[in-house]
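What follows is a set of notes on a single structure, which appears directly below.
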Amino acid sequence: MRFLLDDEQREFGRTLGRMLAAADTPAAVRAWGAGDRGPGRAVWRRLGEAGVFGLAVPEKYGGSGFLPVELVVAYVEAGRHAVPGPLVETAAAAVLLGRLGDAGLTGGRLPAVTTEDWLPAVATGDAMVSYADLARGPYALDAAAADAIFAVRGDTLWRPGRGGAAQPSVDPARLLSRCATDDGDILASGPAVRDAAAYAADTARLLTAAQALGVGRRLLDDTVAYVGQRTQFGVAIGSFQAVKHRLADVLVALEFAGPLVLGAAVELAGGTTDGGEGPAGAGTGIAMAKVAAGEAAYAAARAALQLHGALGYTDELDLSLWIRKARALRDAWGTPAECRARVLASPAPGR
């Protein structure tokens, strides 16, 4: 099993990084939190033009096919630059719809209008969709900004109404709205929906881990740069042993999480998670990656906050955008406790 990126994948990540660095994503995040979607949608369209969302869309709908490793590369960069919007949910919805497009379902196949109208637009970045798995909770991310919402409850897939007012989040650019369960259009039902939803949830968990990894790396880079400039007693605080040890612990955690995230992507690219696509016992590697990346990013956020001192508490400092996102991503699509429980419940190798 290969855990290292090839030259093409590395260049893809570097290209996205340069593009996002030039897009002034902190301004887009602040505007998004204030209700102005324009700058965020502009970044979204640029990601679509770069082929990011097409990595989750089947080729027959204008995508590149499902490429989890390349998706992870892209979502690490999205986390590094704090791109706003339902990135993970759009990819999860694309995976769900793509897997159901040709599946035989109770009551017929998924309506062609659902896949043919939405998946090509998702692939190009022209459509932003949100997705909610109601087994995880009643909320959809950025429902007010999305062009469509898809939700799964049990073995039923439907498009709910817009729902109620958005709920505040620890990350001001992550707005959660309760899905209306008493209206909307039922699109499909049957065992295939349940199986596809389990696979989509694993995809969402993996991409959340990738985003968290990017957030953690950005926080570490910014903090290392800061402690090299801030002085006390006539020397940079980065020369203090306690500061070195704190940042070294964060670096080790991030370096440990990176291979786990890539390994989980390779596992998912093989078409299975722990030897099956069903919910029982699946996705142990993804759960491990989610715990490691989420906890590493959170540790990076705590270190960044402490080592920046009082400056780290200010909303005006862009660092706060990543600190808050790290906390939100730690719990999104699986808290550390849930993911650890999934790992512990999985059968031991060879059994």
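Throughout, read-outs are computed from the coordinates displayed, never taken from laboratory work. This one's a predicted model, so the numbers in the text were calculated from it and none came from an experiment. Reconstructed Cβ throughout: ideal geometry from the backbone, glycine too, with neighbour counts over all protein chains shown.
Multiply the residue gap between residue 5 and residue 256 by 0.36 nm, knock off their C-alpha separation, and tell me the result in nm, one decimal place. Walk me through the numbers before you get to the answer.
Working: separation 251, 0.36 × 251 = 90.36 nm, distance 1.56 nm.
Net length gain for the segment: 88.8 nm.
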Requested in this report: Treat each spin label as a single point 7 Å out from the Cα along the C-beta direction, and report the residue 221 to residue 338 distance in nm.
Outcome: 3.0 nm
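For the pair residue 147 and residue 24, what calculated FRET efficiency results from E = 1/(1 + (r/R0)^6), where r is the Cβ-Cβ distance and R0 = 22 Å, to the nearest 0.05?
Computed FRET efficiency for residue 24 and residue 147: 0.40.
If I take every Cα pair under 8 Å that is 6 or more residues apart in the chain, average their sequence separation and divide by the length, what percent do I get for the relative contact order? Don't jump to the answer; show the numbers that get you there.
Numbers: 674 pairs, mean separation 59.9, N = 351.
The normalised contact order for the chain reaches 17 percent.
Where both partners of a DSSP beta bridge lie in the chain, what percent of those bridges are antiparallel, to the nearest 5? Walk me through the intermediate numbers first.
Values: 15 of 20 bridges.
Counting only bridges with both partners in the chain, antiparallel ones make up about 75 percent.
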Requested in this report: Evaluate the distance, in nm, between pseudo-label points positioned 7 Å from the Cα of residue 269 and of residue 14 along their respective Cα→Cβ axes.
Outcome: 1.9 nm
Query - Nitroxide proxy distance, nm - points 7 Å out along Cα→Cβ at residue 245 and residue 116 - result: 6.5 nm
Query raised in the report: Angle between the Cα long axis of helix 112-124 and the longest principal axis of the chain, 0 to 90 degrees, nearest 10?
Result: 20 degrees
Query raised in the report: Sorted from fewest to most neighbouring beta carbons within 10 Å, what does the list 6, 249 look like?
Result: 6, 249
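Using Cβ counts within 10 Å as a stand-in for footprinting exposure, how do 77, 8, 70 rank, fewest first? Walk me through the numbers on the way to the answer.
Details: 77 27, 8 10, 70 23.
Ascending number of Cβ neighbours within 10 Å: 8, 70, 77.
Fewest first, what order do 185, 142 take by the number of other Cβ atoms within 10 Å?
Details: 185 11, 142 25.
Ranking 185, 142 by Cβ neighbours within 10 Å, fewest first, gives 185, 142.
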Report summary line: Looks like the chain, by Cα gyration tensor root eigenvalues a ≥ b ≥ c and the a/c under 1.5 rounded cutoff (else prolate when a/b is bigger than b/c, oblate otherwise), is prolate
Query raised in the report: Cross-link partners among lysines for residue 325, C-alpha distance below 30 Å, same-chain residues fewer than 8 apart left out?
Result: 244, 290
Query raised in the report: Taking chymotrypsin sites (Phe, Trp or Tyr not before Pro) that fall in a DSSP loop and have at most 15 other Cβ atoms within 10 Å as cut points, what is the longest piece of the chain between them?
Result: 4-232
Report summary line: Extension length gain for residue 170 and residue 59 (0.36 nm per residue less Cα distance), in nm, is 36.3 nm
